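Some notes on the structure that comes next.
All of the numbers you see were taken from the coordinates with simple rules; none came from a lab. Treat the numbers as computed from the prediction; the structure is a model and nothing was measured. For neighbour counting, all protein chains shown are included, and Cβ atoms are generated from backbone atoms with ideal geometry for every residue, glycine included.
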Amino acid sequence: PAERLNGLGTTIFAEMSALALATGSVNLGQGFPDRDGPDSVLEDAIAAIRSGANQYAPARGVPVLRQAVADHQRRFYGLSYDPDTQVLITTGATEAVAAALLAYVEPGDEVIALEPYYDSYAAGIAFAGGRRVPVTLRAPSYRLELDELRAAVTPRTKVLLINSPHNPTGTVLTDDELRGVRDVAVEHDLIVITDEVYEHLVYDGLRHRPLATYEGMADRTVSISSAGKTFAVTGWKIGWVTGSAAVVTAVTTAKQFLTFTSGTPFQPAVANALALGNDYFDTLRADLQSRRDLLAGGLTDLGFEVHRPAGTYFITTDIRPLGHTDGIDFCRMLPERAGVVAIPHQVFYDHTTLGRPLVRWAFCKQPALLQEALTRLQKL
Ligand code: PMP
Ligand code: GLN
């Protein structure tokens, strides 16, 4: 195999989900809900298949979904996009990130990514021939240190790859941090790829604010989101890019030779989902917040140091108060010992020692299952 595969191996999510199946463990590893999204959304996809939406979609996505994405950006953020030229439908956010990196990164270019970083970023940067430059969000607060961001910029820097709400830490970047990202991008004329798949999973009354809303960002931002988390359909793999016409054309050029188009019958269903009333989004947030609180409270009672997330599906804990030091060893032992699966942070770091004592737990599960996991963890 080619050198670009070096160090990629099998994703931690595949490894840990297989382990969960093999051991009958409660899977709080890979982030996917254990209840499928709203019935009406599922029925819309079935109806689309029955009505014959089963052949290739247009390259940029079916028009109703591009319109729905544009409407969603206006409704929640006041952002205006032309659905014909400024919206692209992709095969999940994963493809959008990969296509954006392929569109903008020349071999040898540096891409600054927030560490710990979602694992597909490392692969996407490597495939594009780029060099990953991490800027670390440090436990327990995981704030973005703007001095460190500024210091990471070199003449080879091409892209800032930002993710907020942030997987795996659950951090939601503050207005000051986002403004700082903007200032660096504008000063050094950088492209910003911003992965906002957890945009609707923000708690405690906070609100997600897209980077594209900041002055000076409209023409340099590749905004990415997807349906998986917001509508609890992670297997549908429908994502989208919004940006200037030039940005969307560049990403489309790469995307058309990766997958050409994306799952046709899911697209009208996601279009209807994006138009659901505010009560859907409010209930989603409230439900997940109460699950976060249930799991965070239980893990605290068990003795973990819990780093309470402001967003996403994930809670991070430090395992050292329980006498463990290495998250990978801990997560490999956990299914056998307690019948629970979690994800070690370490695999998301270049500075592996910083991630060593940290373990991520997904709370996008029914409360009874979270309770069952907590009961099992008493065996630790
Ligand atoms: N970005 C982040 C930060 C994620 O956590 C995930 C996976 N949950 C993705 C992208 C992938 O999204 P999709 O399934 O839409 O490809
Ligand atoms: N994004 C999900 C997570 O972070 C997993 C997606 C995947 O398996 N690649 O858990």
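Here are the numbers for this structure:
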| item | result |
| --- | --- |
| Backbone HN-Hα couplings from phi across region 18-30 [Karplus 6.51/-1.76/1.60, Hz, Gly and Pro as x] | 5, 5, 5, 5, 5, 9, x, 7, 6, 8, 9, x, 4 |
| Shape call, region 115-177: gyration tensor on alpha carbons, a/c limit 1.5 | oblate |
| Taking all pairs of distinct alpha-carbon atoms in the chain, Kirkwood radius in angstrom | 21.1 |
| Loop sites in region 13-119: trypsin sites (Lys or Arg not before Pro), DSSP, at most 11 other Cβ within 10 Å | ARG35 |
| Charge dipole (the chain, unit charges on Cβ, about Cα centre) - positive-most of SER225, THR316, PRO265 | PRO265 |
| Loop trypsin sites (Lys or Arg not before Pro), region 136-165 (other Cβ atoms within 10 Å of the site Cβ: 15 or fewer; DSSP) | ARG138, ARG143, ARG156 |
| For VAL26, distant residues with modelled amide H under 5 Å away | VAL340, VAL341 |
| Region 1-67-region 238-264 distance, computed between alpha-carbon centres (Å) | 18 |
| Ellipsoid equivalent to region 212-345 - semi-axes via the Cα gyration tensor, in Å | 36, 19, 17 |
| Relative exposure of MET217, MET333, MET16, judged by other C-beta atoms within 10 Å (fewest first) | MET333, MET217, MET16 |
| Nonlocal amide H pairs with GLY263, under 5 Å, H built at 1.01 Å | none |
| Cα gyration tensor shape for region 163-206, rounded if a/c is under 1.5, else prolate or oblate | prolate |
| In order through region 265-277: 3J(HN,Hα) via Karplus (6.51 cos²θ - 1.76 cosθ + 1.60), integer Hz, x for Gly, Pro | x, 6, 5, x, 5, 5, 4, 5, 4, 4, 8, 4, x |
| For region 1-69: rounded, prolate or oblate by the Cα gyration tensor [a/c cutoff 1.5] | oblate |
| For HIS200, HIS345, order by how many other beta-carbon atoms lie within 10 Å, fewest first | HIS200, HIS345 |
| Listed residues GLY129, GLY243, GLY323, most fluctuating in the chain (Gaussian network, C-alpha, under 10 Å) | GLY323 |
| Charge sum, other residues only, whose C-beta stays under 13 Å from ALA271's C-beta, Lys/Arg counted +1 and Asp/Glu -1 | -1 |
| For the chain, size of Cβ-based charge dipole, Lys and Arg +1, Asp and Glu -1, in debye | 460 |
| Table column - 3J(HN,Hα) (Hz), region 363-369, Karplus curve with 6.51, -1.76, 1.60, x for Gly and Pro | 10, 7, 10, 4, x, 5, 6 |
| Between region 111-151 and region 341-355, the Cα center-to-center distance that results, in Å | 13 |
| Antiparallel DSSP beta bridges within the chain, percent to nearest 5 | 50 |
| Built amide H within the under 5 Å cut-off of VAL135, gap 5+ | ALA113, LEU114, GLU115 |
| Likely footprinting exposure, VAL347, VAL111, fewest C-beta neighbours within 10 Å first | VAL347, VAL111 |
| Helix-only [θ]222 nm of the chain, DSSP H runs n ≥ 4, -39500 (n - 2.57) each, per residue, nearest 500 | -12500 deg cm²/dmol |
| Length-normalised contact order of region 40-274 in % [C-alpha pairs under 8 Å, at least 6 apart] | 32 |
| Sequence-separation-based contact order of region 29-161, relative, with Cα cut under 8 Å and 6+ spacing, percent | 19 |
| Cross-link partners of LYS237 among lysines (Cα-Cα below 19 Å; sequence separation of 8 or more within a chain) | LYS229, LYS255 |
| Region 256-288: chymotrypsin sites (Phe, Trp or Tyr not before Pro) in DSSP coil with no more than 14 other Cβ atoms inside 10 Å | PHE257, PHE260 |
